[in-house]
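Just below is one structure, and these are the notes that go with it.
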Amino acid sequence: MRRVFLGKTGLKVSRTGFGALPIQRVSIQTASKILNFAYDSGINFFDTARGYSDSEKKIGIAFKNKRHNIIIATKMSGKTKKEILDLLCISLKQLKTDYVDILQLHNPETLPDPSDENSSYAGLKEAQKKGMVRFIGITTHKLQDAKKSIKSCMFDTLQYPLSLLSSDKELRIIDICQKYNIGLIAMKPLCGGLLTDINLAFSFLWQFENVIPIWGIQRIKEIKQIVELSENPPEISADLKKRIRQERKELGSSFCRGCGYCLPCPAEIPISMAARMKFLLRRSPYKNFLTPQWQENMLKIRNCTNCGSCKSKCPYNLDTPIILKDMLDDYIEFARNKGIIINRREK
Ligand code: SF4
Ligand code: SF4
């Protein structure tokens, strides 16, 4: 497994990182098997979060005798110094360790003020001073905040969504991080499940030596696939370039990434899934989304009051209510073509 330096941290991480959000969905025993299989395959970089329920605990259990051989990044969304330090104490206990390699602010609404002695940033610095954290980072979905965070030189790493669907403007982050020697961790390399061709998604990001994608992993076969690709990285051939262009054309630029930052919706619409339904129906087993439960979920779109809450929180500036209505029309049509009639009447 190829290893590279993560920006100025000097940490030598596997170019294939392990995203530990999906292990929330499996048992502790299964998570241990998956994590150790990844470790035995050469993956040494594991990214989790305080907010991923028992993900940290599972990492702690799986690696209790291997702590010094792995690099752990976690993240938390505390808004003050005290909140960060309190949350970090919980994380360390869960992870069965007395330090994390990288502690990231988890998608803060705005960049913290470095001169504020009680800010979340002060919490990171204090944790670093006490040896509880080696390096500090930030995660964001907002391009402007990503750029600001790099140029502020406040952080050692940046975690930002990057995939073959990223716009040219977003991809410029790669060069900027290189210039400032900031470790760049790519979240959502499969764009929240919209990309289903792992070879294509992998090859695209492999071009960028300073990008460390964290692949959300929940099965051993997914590790095998990604390790195989890491050991035999495919060239970006003319055919792959053509397929990348096709993917970009099909999804366009105004599509929901499924990040969930617009939630909760007062009308209880599961926006992060519903706003991608057109693609989920065509890119994953569609029957899972035509169940009576999903029909009910999709029909909640009719209860949208246009309150604007989702629009104001979407980091991609999407006009979410319009997208949802389009998704519902498509859903009803798709279901009809599969022989399922969904009541079209407005409530
Ligand atoms: S605008 Fe509609 S979809 Fe968006 S949060 Fe409000 S009710 Fe929910
Ligand atoms: S509408 Fe925007 S904020 Fe909501 S899930 Fe989609 S991309 Fe994320």
Within region 276-315, restricting to residues that are within 23 Å of the chain's Cα centre (by Cα) and within 14 Å of ligand 1 (Cβ to nearest atom), the one that is nearest to Cys259 (Cα to Cα) is Cys314
Considering region 312-337, residues that are in a helix (DSSP H, G or I) and of a type in the set (S, T, N, Q), and then whichever is nearest to Ser254 (Cα to Cα), we arrive at Thr320
Within region 316-337, residues within 13 Å of ligand 1 (Cβ to nearest atom) and not hydrophobic (A, V, I, L, M, F, W, C) come out as Asp319, Thr320, Pro321, Lys325, Asp326
Note on Gly216: of the conditions (1) closer than 20 Å to Ala275 by Cβ; (2) surrounded by fewer than 16 Cβ atoms within 10 Å (Cβ to Cβ); (3) in contact (Cβ under 8 Å) with a residue 24 or more places away in the chain; (4) more than 16 Å from ligand 1 (Cβ to nearest atom), unmet is (2)
Only one of Leu205, Leu200, Leu184 is modelled with pLDDT of 95 or more, in the same structural domain as Lys12 (by TED's automatic domain parsing) and assigned to a helix (DSSP H, G or I), namely Leu205
query: Is it the case that some residue within region 75-89 is closer than 30 Å to Gln207 by Cα, under 21 Å from the mean Cα position of the chain (by Cα) and small (Gly, Ala, Ser)?
result: no
If we keep only residues of region 121-147 that are part of a loop (DSSP other than H, G, I, E, B) and touching a residue at least 40 places away in the same chain (Cβ under 8 Å), then the residue surrounded by the most Cβ atoms within 10 Å (Cβ to Cβ) is Thr140
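The values are calculated or read from the model by the stated rules, or taken from the named source; none is laboratory data. Predicted model, so just to flag it, every value in this text is computed and none were measured. Here the Cβ is made from the backbone with ideal geometry for all residues, glycine too, and neighbour counts use every protein chain on show.
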